[in-house]
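The values are calculated or read from the model by the stated rules, or taken from the named source; none is laboratory data. On a predicted model such as this, the values are computed, not experimentally measured, just so you know. Cβ placement follows ideal geometry from the backbone for every residue including glycine, while neighbour counts extend to all protein chains displayed.
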Amino acid sequence: MTVNLIHYVYLQFLDLLTTVAFLIHGVKEGNPIVQMAMEQAPDPLSGLLGVKILAILPGLLCWWTGRSRLLLRVNLFFAALIAWNLCAMINAAAR
């Protein structure tokens, strides 16, 4: 179960990095909640960091309550999301 939590936190970090890479290249954030947090914060990076710190809380809750299957499913979703982000970046760079 602890491994799932470590994976969850790691995937959140990778999502943060891919989001920063998109922002550097002028791509707008696709999640309206994250976009709003970035607009309301003193600067976009602190808004993004705040959202990612808050995103750790559901993972901790799953770990604490023993919801390992749910945490695994969320990890699979974020792994697919990060793979999608990387493919989009590679595709854009190849053009």
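Give the residue that is nearest to the chain's Cα centre (by Cα), with candidates limited to residues of region 58-89 that are of a type in the set (Lys, Arg) and assigned to a helix (DSSP H, G or I).
Residues of region 58-89 that are of a type in the set (Lys, Arg), as a first pass: 67, 69, 73.
Checking the rest, the ones that are also assigned to a helix (DSSP H, G or I) come to 69, 73.
On the way: ARG69: 19, ARG73: 15 Å.
Checked region 58-89; the qualifying residue nearest to the chain's Cα centre (by Cα) is ARG73.
Let's see how each residue does on (1) in contact with a helix residue (DSSP H, G or I) (Cβ under 7 Å, 6 or more places away or on another chain); (2) more than 30 Å from ASN91 (Cβ to Cβ); (3) of a type in the set (Phe, Trp, Tyr):
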site: LEU14; (1), (2), (3): yes, no, no
site: GLY26; (1), (2), (3): no, no, no
site: ALA37; (1), (2), (3): yes, no, no
site: GLY50; (1), (2), (3): yes, no, no
site: ARG67; (1), (2), (3): no, yes, no
site: LEU70; (1), (2), (3): yes, yes, no
site: ARG73; (1), (2), (3): no, no, no
site: LEU76; (1), (2), (3): no, no, no
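Check ALA92, ALA21 and return the single one that is small (Gly, Ala, Ser), farther than 27 Å from VAL3 by Cβ and touching a residue at least 60 places away in the same chain (Cβ under 8 Å).
Values: ALA21 fails: farther than 27 Å from VAL3 by Cβ.
The unique qualifying residue is ALA92.
Looking only at region 63-89, how many residues end up being in contact (Cβ under 8 Å) with a residue 24 or more places away in the chain, more than 23 Å from ILE24 (Cβ to Cβ) and either of a type outside the set (Gly, Ala, Ser) or surrounded by 12 or more Cβ atoms within 10 Å (Cβ to Cβ) (or both)?
Residues in region 63-89 being in contact (Cβ under 8 Å) with a residue 24 or more places away in the chain, more than 23 Å from ILE24 (Cβ to Cβ) and either of a type outside the set (Gly, Ala, Ser) or surrounded by 12 or more Cβ atoms within 10 Å (Cβ to Cβ) (or both): 6 in total.
Mind checking whether some residue in region 73-87 is at pLDDT 95 or above, touching a Phe, Trp or Tyr at 6+ places or on another chain (Cβ under 7 Å) and not basic (Lys, Arg)?
So far as region 73-87 goes, yes, one or more of its residues are at pLDDT 95 or above, touching a Phe, Trp or Tyr at 6+ places or on another chain (Cβ under 7 Å) and not basic (Lys, Arg).
Only residues that are under 17 Å from the mean Cα position of the chain (by Cα), in a helix (DSSP H, G or I) and either loosely packed, with under 14 Cβ neighbours inside 10 Å or β-branched (Val, Ile, Thr) (or both): list them for region 31-47, please. Walk me through how you get there before you give the answer.
Filtering region 31-47 down to residues under 17 Å from the mean Cα position of the chain (by Cα) leaves 31-38, 44-47.
When the remaining residues are screened for being in a helix (DSSP H, G or I), the result is 32-38, 44-47.
Result: PRO32, ILE33, VAL34, MET36, SER46.
Please indicate, with yes or no, whether at least one residue in region 46-59 is in contact (Cβ under 8 Å) with a residue 60 or more places away in the chain and under 14 Å from LEU5 (Cα atoms). Let's see the steps before the verdict.
Here is the first cut: in region 46-59, the residues in contact (Cβ under 8 Å) with a residue 60 or more places away in the chain are none.
Taking every residue of region 46-59 in turn, none turns out to be in contact (Cβ under 8 Å) with a residue 60 or more places away in the chain and under 14 Å from LEU5 (Cα atoms).
Taking region 18-30, which residues are surrounded by fewer than 12 Cβ atoms within 10 Å (Cβ to Cβ) and either within 13 Å of the chain's Cα centre (by Cα) or in a helix (DSSP H, G or I) (or both)? Let's see the steps before the verdict.
Residues of region 18-30 that are surrounded by fewer than 12 Cβ atoms within 10 Å (Cβ to Cβ), as a first pass: 24-26, 28, 30.
Hits for region 18-30 are ILE24, GLY30.
Looking at ALA92, is it surrounded by fewer than 16 Cβ atoms within 10 Å (Cβ to Cβ), in a helix (DSSP H, G or I) and modelled with pLDDT of 95 or more? Full working, then the answer.
Values: surrounded by fewer than 16 Cβ atoms within 10 Å (Cβ to Cβ): yes; in a helix (DSSP H, G or I): yes; modelled with pLDDT of 95 or more: no.
For ALA92, the condition - surrounded by fewer than 16 Cβ atoms within 10 Å (Cβ to Cβ), in a helix (DSSP H, G or I) and modelled with pLDDT of 95 or more - is not met.
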